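Here the structure is laid out as structure tokens; the discussion comes afterwards.
No lab work stands behind these numbers, since they all come straight from the coordinates. As the structure is a computational prediction, the values presented were derived from the model and not from experiment. All Cβ positions, even for glycine, are placed from backbone atoms using ideal geometry, and neighbour counts span all protein chains on display.
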Amino acid sequence: MKKFLCYAFLLCCVFLLFACSGNFDYKQNLTTYNLDVEYNDDEKSLSGSEIISYVNSSKNVLKNVKFHLYPNAFRENAKASVVSKSNETKAYPNGKSYGNISVDNVKVENENSNFEICGEDENILNVSLDDDLYPNDKVQISLNFYVKLPNINHRFGYGNNAVNVCNFYPIACVYENDDFVTKLYNSNGDPFYSEVANYNVNIKYPSDFIIATSGTKVNETKENESNKVSVQAKCVRDFAIVLSNKFETKSSTYNKKISINYFYYTDPTPEKTMDLINEVLRFFEEKVGEYPYSQISVAETNFVHGGMEYPNLVLISDSLDSYDTYQMVIIHELLHQWWYGVVGNNEFNEGWIDEGLTEFCTIYFYEKHPEFNKTMDRMVKASTNSYTTFMKVYKDVLGSVDTSINRPLDAFKTEPEYVYNTYVKGMLMFASIYNVVGEKKFVNALKYYYNSNAYEIVNEQILINCFSKGTGRDLENLFRSWLDGKVVIVGM
Ligand SMILES: [Zn+2]
């Protein structure tokens, strides 16, 4: 996610080997989600069925499977808040509004199953399995669900212009260290964590709406006042939908292989935006590696933050202060297709891994595109000054300040503290490494990191090892001094 834009930018041969680019095949034996959903615009609800062919990708024998129920964070009196206090007015323009998910008819291999809604705050669906599920084996779990959308300018909710149907269906929790990861929603960042999976999704919706999704359309039918589309997405971490009856659209094909789809309602220069999307794809395919999917959708929408990434679909806020900022958010969110989408990380525990690198790659894009008149040097200086000013004020007010980057979302006291350390300082950390190793070695490291972790989940140590190997320099101490907050940043 791109947040707090107002802060953000005031705010040898071995290398040749690493530089080899992608063409990696999709991962096999993945969980498959088959979703059949209908959007009801009168009720602002979504009802449907989900059949999950769940693959045990862990090394343990499983006796149950847990799923996130993210919509329940939007319930009245939910324990976790979905937006920070300072963003409430912007998020809820018509007053507080609530949403939730209910689940029933849960079956395992077509037999009624024992299930419970549990977790810290009704945020988890736990499905018991009658038979042990061995590593790499699969089990079919099916259920019906009903989702009520709140009136909120957020990932999950409807606003005046569009309906954001994201994080809306039960999605399997990642199993690691002998347990499912079941973190509660958190308003500081993107509290999500999932493995890549395959999706077959049927969506029925009123025919006056246009729909943007994470999938590629394979079929479309019209019946009475409704449209029904079937879409597929392979080897993606999540599936999201944005609908609007105000959308205008532009489409083109990049490099004869990727369909670019742009959905907008305020952009006076959509062709210029299409050119930018095209150039972001071209540039990062060259500098990092192949975008391995057949489509990318960019959707303007009502959204409290700058933008939000989902696989093959990014949301861009319709209330940004300028076209310049709009472009910056598009670059940032598209970059998440590489950092978060293809190379995954636990966004709750290690948000800096995708956000810090995405912020840095954004300024690298500007550095290499002088027509935007934003050099990396100037952006680093502005961010350094903005960071030091923020930390000084924060320290004056609170007496002390934690400057470490590598903390889970719930270890940041406030959203600005999260944003400054994860986005701004995270970007400054990668900029300092870029300056130490130089562009060529840094780009080698990006390619190596990307190609060796495609469709997998990385962590701090894997990232450090990849950057050390990809640059031919031992960067462990440099990374750690930044991540642990030991580096002293002085304004310029
Ligand atoms: Zn982001």
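Could you work out the local net charge near Leu125, counting Lys and Arg as +1, Asp and Glu as -1, over the other residues with Cβ closer than 10 Å to its Cβ?
On the way: positive: Lys66; negative: Glu116, Glu122.
Taking every Cβ under 10 Å from that of Leu125, the sum is -1.
Near Asp484, within a Cβ-to-Cβ distance under 15 Å, what is the net charge of the other residues, with Lys and Arg +1 and Asp and Glu -1? Could you put the intermediate results ahead of the total?
Details: positive: Arg407, Lys425, Arg480, Lys486; negative: Glu350, Asp402, Glu460, Glu476.
Here the charged neighbours net out to 0.
What percentages make up the Cα-Cα pair-distance distribution of region 330-386 when the bins are 10 Å wide from 0?
Taking every Cα pair in region 330-386, the percentages come to 24, 46, 26, 3.
So in the chain, what percent of DSSP beta bridges are antiparallel if you round to the nearest 5? Let's see the in-between values first.
Details: 81 of 102 bridges.
The antiparallel fraction comes to roughly 80 percent.
Using 0.36 nm per residue of separation minus the Cα-Cα distance, give me the extension gain between Val61 and Lys138 in nm, one decimal. Please list the in-between numbers first.
Details: separation 77, 0.36 × 77 = 27.72 nm, distance 1.15 nm.
Extra length available between Val61 and Lys138 comes to 26.6 nm.
Could you pull out the pairs from Lys368/Lys413; Lys85/Lys183; Lys85/Lys204 whose alpha carbons sit more than 26 Å apart here?
Details: Lys368/Lys413 36 Å; Lys85/Lys183 21 Å; Lys85/Lys204 35 Å.
Cα-Cα > 26 Å for Lys368/Lys413; Lys85/Lys204; rest within.
Within a Cβ distance under 12 Å of Leu46, other residues only, what is the Lys/Arg minus Asp/Glu net charge?
Working: positive: Lys44, Lys148, Lys204; negative: Asp36, Glu38, Asp41, Glu43, Glu50.
So the environment of Leu46 carries a net charge of -2.
Tell me, in nm to one decimal, what length is gained between Asp130 and Val397 on full extension, where the rule is 0.36 nm per residue of separation less the Cα-Cα distance?
Numbers: separation 267, 0.36 × 267 = 96.12 nm, distance 5.53 nm.
Full-extension gain reported as 90.6 nm.
Residues with amide H under 5 Å of Phe192's amide H, sequence separation 5 or more or different chain, H placed in the peptide plane at 1.01 Å from N; which?
It is Glu347, Phe348, by chain and number.
Quick one: putting +1 on the C-beta of Lys and Arg, -1 on the C-beta of Asp and Glu, what dipole do you get for region 32-195 around its Cα centre, in Debye to the nearest 20? The partial results should precede the final answer.
Values: 14 positive and 24 negative charges, 155 e Å.
Approximately 740 debye in magnitude.
Give me Val343, Val437 sorted ascending by neighbouring Cβ count inside 10 Å, so fewest comes first. Don't skip to the end; give the middle numbers.
Details: Val343 26, Val437 21.
With the sparsest Cβ surroundings first, the list reads Val437, Val343.
Under Stokes-Einstein, with the Kirkwood radius over Cα pairs standing in for Rh, what whole-number D in µm²/s applies to the chain at 37 °C and 0.692 mPa s? List each step's numbers first, then the result.
Details: Rh = 23.0 Å.
Result for D is 143 µm²/s.
Sorted from largest down, what three extents in whole angstroms do the Cα atoms of region 32-195 have along their principal axes?
The Cα atoms of region 32-195 stretch 49, 33, 23 Å along their principal axes.
With viscosity set to 0.692 mPa s and temperature to 37 °C, compute the Stokes-Einstein D of region 262-307, Rh being the Kirkwood radius across alpha carbon pairs; µm²/s, no decimals.
Numbers: Rh = 12.2 Å.
Once the numbers are plugged in, D ends up at 270 µm²/s.
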